[in-house]
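Peer 1: I am attaching a structure below and will ask some questions about it afterwards.
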Amino acid sequence: MATRQTQSLARLMRAPAIILLLIWMLVPLGMTLYYSFLNYNLLSPGTTSWAGWFNYQYFYTDPAFFQSIWNTLVLVLGVLLITVCGGIAIALLIDKPIFGQGIVRILVISPFFVMPPVAALIWKNMIMHPSYGVFADIAKFFGATPVDWFAQYPLLSIILIVAWQWLPFATLILLTALQSLDGEQVEAAEMDGASAFARFTHLTLPHMSRAITVVILIQTIFLLGVYAEILVTTNGGPGYASTNLTYLIYRAARLNFDIGGAAAGGIIAVILANIVAIFLMRAVGKNLD
Amino acid sequence: MGSITLKSVRKAFGEVEVIPGVDLEINEGEFVVFVGPSGCGKSTLLRLIAGLEDVTDGQIMIDGKNVTDASPAKRGLAMVFQSYALYPHMSVRKNIAFPLKMAKMPEAEREKRVQHAAGILNLTDYLDRRPGQLSGGQRQRVAIGRAIVREPSAFLFDEPLSNLDAALRVNMRVEISELHKKLATTMIYVTHDQVEAMTMADKIVVLRAGRIEQVGSPLELYRSPANRFVGGFIGSPNMNFIEGEVAAKMGAHAIGVRPEHFHMSTSDGLLGGTVGVAEHLGSDTFLHIDLDNGPHIIARAEGEFPVHHGDRVYLTPQEGRVYRFDQNGLAI
């Protein structure tokens, strides 16, 4: 078959999948867009009316709006910082041959298998709890006053929990990158007089740059939508101290039953995600070439 | 600058003894080739000299200084690896300048040395490319460039040509030999290819199972191999070994005759045989011959020698070119 026929046949055959995906994406997006312009509250579901830009205006003037965007960005950046730095450090450590390497690696990866709400509850009740959490025990052992994590540092607590969950993912990706580093290159650098630190900055880090980019991009996608951890621990509080955009939308939809307002928030979240994506691709996307 | 001495150097990986004990003297400016079959410990020996492996026992001296416990960087040696080991994210210029940067040399001096090295190796037009954009031979030259900018007291080459195709290998062989003449620095070169060893070396070290079998100039090894192994390893095609009656008549357990040291005739001679495969190359004729009383041998005739499969030929070893070996394979 000639090239042109092959191409059009290929186009024809992949069309159903692409069309299905398109519908899958466009219908919810279209409905969200439509709802965002309606006065639509589940407390009075029969009476919907055209709202114009009111929902956007309402969501925008919500006192929690800017704080929730700020919190979203702090949460994403904080978790990225901890997981990338921590992931590199742990990957470097477990790359070295040690006794019980297999078990250590499984243990390092295991937090990833714990569901987010379960992990958050464990952290809330067994680790960070001010009276019977592990941190409180440690503080008491040293004679210090236990920290009430979710009251005093709510956003930091969420960041720690989410970072703990995502650390294995970062570690795993960075470890495979580390293992693909050519041993002879390291030896060549050793002969060239590079110290261990110089070998890390000139050889290991550039070698891992692509993997780091992948970690950052994938994690950002998921971290923009962090929700379960907030729901089961702080409920977005105290005040709005740990409310991110996703959680603000949840409040609008499920606590105020305001479908229109929540839909407007959803559209704003999509726009925010795209802005973040543009910045990310500018910043680190060149590593993927 | 550049004399290296090994004093009863021993290397064991756990229980496995790879090098049971080696004494070797490498003089300043020499081109020394370590040659041997794979697994003979030649690369390990090179890595011991480089400092990439720790010596289990014994001493390594460079220019009279004991460097047995010194780190690779402190030994002042440069190494060219089999895989070239270039830094893929750096340009050729940065690759070559890397050791100088690590030595904290000022920028201007670095650039001068890089330009000089690039000039010697014909790399001037490629300085801003990445290693991934270069051919095998060019990458090889970058690796050599990275070695020469440091002006080391000796160069170590670990099978540098084995990733190149045959034609390029011959070119690079000549280039490395010329580089040695130009720089007059000690070079240690590891290979399993005896042709590389014969053509490049001032001194060949033949290794087997971690032991030095013989040390000498290429022609010394060719003319007077110390044992059967060296005799069989040096020279191409391999030396023929004939045991039994013919050897006993000459007072040896086995005799060795190189393919090029037979008088060949179709009418009479000491050994009779039937031609198997005949390779007519024009300049030479290689005959695979089944001798009447035993082994299969290869003989070379100069120029054209018109025999074919199934013909009978007679061979007489040339006077003074027969090597005699005893029961243990040692030369008599």
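The values are calculated or read from the model by the stated rules, or taken from the named source; none is laboratory data. Values in this document were obtained by computation on a predicted structure and should not be read as measured data. Backbone-built Cβ (ideal geometry, glycine too); neighbour counts: all protein chains shown.
Peer 1: Let me confirm something: among B:LYS112, B:LYS104, B:LYS181, which residue is within 14 Å of another protein chain (Cβ to nearest Cβ) and not hydroxyl-bearing (Ser, Thr, Tyr)?
Peer 2: After applying the criteria, what remains is B:LYS104.
Peer 1: Quick one: in region B:69-96, of everything that is surrounded by 16 or more Cβ atoms within 10 Å (Cβ to Cβ), more than 10 Å from every other protein chain (Cβ to nearest Cβ) and under 29 Å from the mean Cα position of the chain (by Cα), which residue is nearest to B:SER43 (Cα to Cα)?
Peer 2: B:ILE96
Peer 1: To continue, here is another question. Could you say which residue among B:ALA252, B:ALA299, B:ALA247 is in contact with a strand residue (DSSP E or B) (Cβ under 6 Å, 6 or more places away or on another chain), part of a loop (DSSP other than H, G, I, E, B) and closer than 28 Å to B:VAL35 by Cβ?
Peer 2: Values: B:ALA299 fails: part of a loop (DSSP other than H, G, I, E, B); B:ALA247 fails: part of a loop (DSSP other than H, G, I, E, B).
That would be B:ALA252, the only listed residue that is in contact with a strand residue (DSSP E or B) (Cβ under 6 Å, 6 or more places away or on another chain), part of a loop (DSSP other than H, G, I, E, B) and closer than 28 Å to B:VAL35 by Cβ.
Peer 1: Residue by residue through region B:97-115, note down the ones that are surrounded by fewer than 16 Cβ atoms within 10 Å (Cβ to Cβ) and touching a residue at least 24 places away in the same chain (Cβ under 8 Å).
Peer 2: Of everything in region B:97-115, just one residue is surrounded by fewer than 16 Cβ atoms within 10 Å (Cβ to Cβ) and touching a residue at least 24 places away in the same chain (Cβ under 8 Å), namely B:ALA103.
Peer 1: Does B:VAL230 count as closer than 30 Å to B:SER8 by Cα and surrounded by 17 or more Cβ atoms within 10 Å (Cβ to Cβ)? Talk me through it step by step, then tell me what you get.
Peer 2: On the way: closer than 30 Å to B:SER8 by Cα: yes; surrounded by 17 or more Cβ atoms within 10 Å (Cβ to Cβ): yes.
Judged against the criteria, B:VAL230 is a match.
Peer 1: Taking region A:169-194, which residues are facing chain B (nearest Cβ under 8 Å) and free of Cβ contacts under 8 Å to residues at least 12 places away in the same chain?
Peer 2: The answer is A:ASP182, A:GLU184, A:GLU187, A:ALA188, A:GLU190, A:MET191, A:ASP192, A:GLY193, A:ALA194.
Peer 1: Considering only residues that are away from chain A (no Cβ under 14 Å), in contact (Cβ under 8 Å) with a residue 24 or more places away in the chain and not in a loop (DSSP other than H, G, I, E, B), which ones fall in region B:153-168?
Peer 2: B:LEU168
Peer 1: OK, next. Select from region A:56-114 the residues that are within 15 Å of the chain's Cα centre (by Cα), among the aromatic types (Phe, Trp, Tyr) and under 21 Å from A:LEU156 (Cβ atoms) and list them in ascending order.
Peer 2: Hit for region A:56-114 is A:TRP70, nothing else.
Peer 1: Just give me the residues in region B:201-227 being part of a loop (DSSP other than H, G, I, E, B) and surrounded by fewer than 17 Cβ atoms within 10 Å (Cβ to Cβ), in sequence order.
Peer 2: Within region B:201-227, B:ASP202, B:ALA209, B:SER217, B:SER224 meet the criteria.
Peer 1: Sticking with this one: Can you find a residue in region A:225-232 that is part of a loop (DSSP other than H, G, I, E, B) and surrounded by fewer than 18 Cβ atoms within 10 Å (Cβ to Cβ)?
Peer 2: The first filter runs over region A:225-232 and keeps only residues part of a loop (DSSP other than H, G, I, E, B), leaving A:225-227.
Next cut, surrounded by fewer than 18 Cβ atoms within 10 Å (Cβ to Cβ) only: A:225, A:227.
Scanning region A:225-232, I find at least one residue that is part of a loop (DSSP other than H, G, I, E, B) and surrounded by fewer than 18 Cβ atoms within 10 Å (Cβ to Cβ), so the answer is yes.
Peer 1: Right, here's the next one. Select from region B:31-68 the residues that are among the polar types (S, T, N, Q) and closer than 16 Å to B:ARG208 by Cα and write down the one among them that is farthest from the other protein chains (Cβ to nearest Cβ).
Peer 2: B:SER38
Peer 1: Then there's this: Return the only residue of A:ALA277, A:ALA188, A:ALA273, A:ALA263 being aliphatic (A, V, I, L, M), more than 30 Å from B:MET105 (Cβ to Cβ) and crowded, with 20+ Cβ neighbours inside 10 Å.
Peer 2: Numbers: A:ALA277 fails: crowded, with 20+ Cβ neighbours inside 10 Å; A:ALA188 fails: more than 30 Å from B:MET105 (Cβ to Cβ); A:ALA273 fails: crowded, with 20+ Cβ neighbours inside 10 Å.
Checking each option against the conditions leaves just A:ALA263.
Peer 1: Looking at B:ARG113, B:ARG141, B:ARG129, B:ARG150, can you tell me which residue is under 25 Å from A:ALA198 (Cα atoms), over 23 Å from the mean Cα position of the chain (by Cα) and not in a loop (DSSP other than H, G, I, E, B)?
Peer 2: B:ARG113
Peer 1: Continuing with the same structure: Could you go through region B:311-319 and let me know if any residue there is under 30 Å from B:GLN214 (Cβ atoms), surrounded by fewer than 17 Cβ atoms within 10 Å (Cβ to Cβ) and at pLDDT below 85.
Peer 2: yes
Peer 1: For region A:32-43, state whether one or more residues are at negative phi and exposed (fewer than 11 other Cβ atoms within 10 Å of the Cβ).
Peer 2: Kept after step one, since they are at negative phi, are these residues of region A:32-43: A:32-43.
Keeping just the survivors that are exposed (fewer than 11 other Cβ atoms within 10 Å of the Cβ) gives A:43.
So far as region A:32-43 goes, yes, one or more of its residues are at negative phi and exposed (fewer than 11 other Cβ atoms within 10 Å of the Cβ).
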